[in-house]
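To keep things clear, I will list the structure first and then write my remarks on it.
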Amino acid sequence: MYKFLWIALCTISLISCATVSNQQNQVQLISSDSTLINGCKKLGPINVDTQAINFNEKAISEFKKLAYDKYGADSAVITQRNNKAFGHVVIEGTALKCYS
């Protein structure tokens with residue numbers, strides 16, 4: 001009986017973890033010169049200032065997370081990016097709502 005409950009609990013736990021979605025991965029980055037921006041609602045500015053060893057990945061991840069957390073955006077556009085010394089990155093852009 002306990003073995004069955006343990007297996008059921010483990011299975012439910014694994015399924016639960018597998019279905020949790022990372023919301024920042026739901027944010028699509030659109031090129032600043034793309035015509036897709038014309039059909040999108042501009043939600044607000046996003047500014048990220050980060051420093052890390054894997055600075056490219058970290059900066060984009062934080063940019064998308066901020067777009068989703070602050071505005072509930074499904075898309076974002078980077079308007080300016082400055083790569084500075086020692087993995088320091090400053091990104092400016094706009095959060096967008098392109099899909100209903």
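The values are calculated or read from the model by the stated rules, or taken from the named source; none is laboratory data. Computed from a predicted structure; not experimentally measured. Backbone-built Cβ (ideal geometry, glycine too); neighbour counts: all protein chains shown. Just the protein is used for accessible areas: all its heavy atoms, side chains included, with ligands, DNA and RNA removed. Shrake-Rupley method; radii C 1.70, N 1.55, O 1.52, S 1.80 Å.
Could you tell me whether any residue of region 5-28 is touching a Gly at 6+ places or on another chain (Cβ under 9 Å) and at pLDDT 90 or above? Among the residues of region 5-28, not one is touching a Gly at 6+ places or on another chain (Cβ under 9 Å) and at pLDDT 90 or above, which makes the answer no. Only residues that are open to solvent by less than 80 Å² (accessible area, probe 1.4 Å) and within 10 Å of the chain's Cα centre (by Cα): list them for region 60-81, please. If the condition is that a residue be open to solvent by less than 80 Å² (accessible area, probe 1.4 Å) and within 10 Å of the chain's Cα centre (by Cα), then Ile60, Ser61, Glu62, Phe63, Lys64, Leu66, Ala67, Tyr68, Ala73, Asp74, Ser75, Ala76 are the ones that fit. Of all the residues in region 48-59, those that are among the β-branched types (Val, Ile, Thr) and loosely packed, with under 15 Cβ neighbours inside 10 Å number 1. Just a yes or no: is a residue in region 48-56 among the small types (Gly, Ala, Ser) and at pLDDT below 95? Checking region 48-56: at least one residue is among the small types (Gly, Ala, Ser) and at pLDDT below 95. Restricted to region 30-47, and to residues there that are at pLDDT below 95 and open to solvent by less than 80 Å² (accessible area, probe 1.4 Å), the residue that is farthest from Ile91 (Cα to Cα) is Gly39. If you filter region 82-100 down to residues that are more than 12 Å from Leu29 (Cα to Cα) and touching a helix residue (DSSP H, G or I) at 6+ places or on another chain (Cβ under 8 Å), you find that the one that is most open to solvent (accessible area, probe 1.4 Å) is Asn83.
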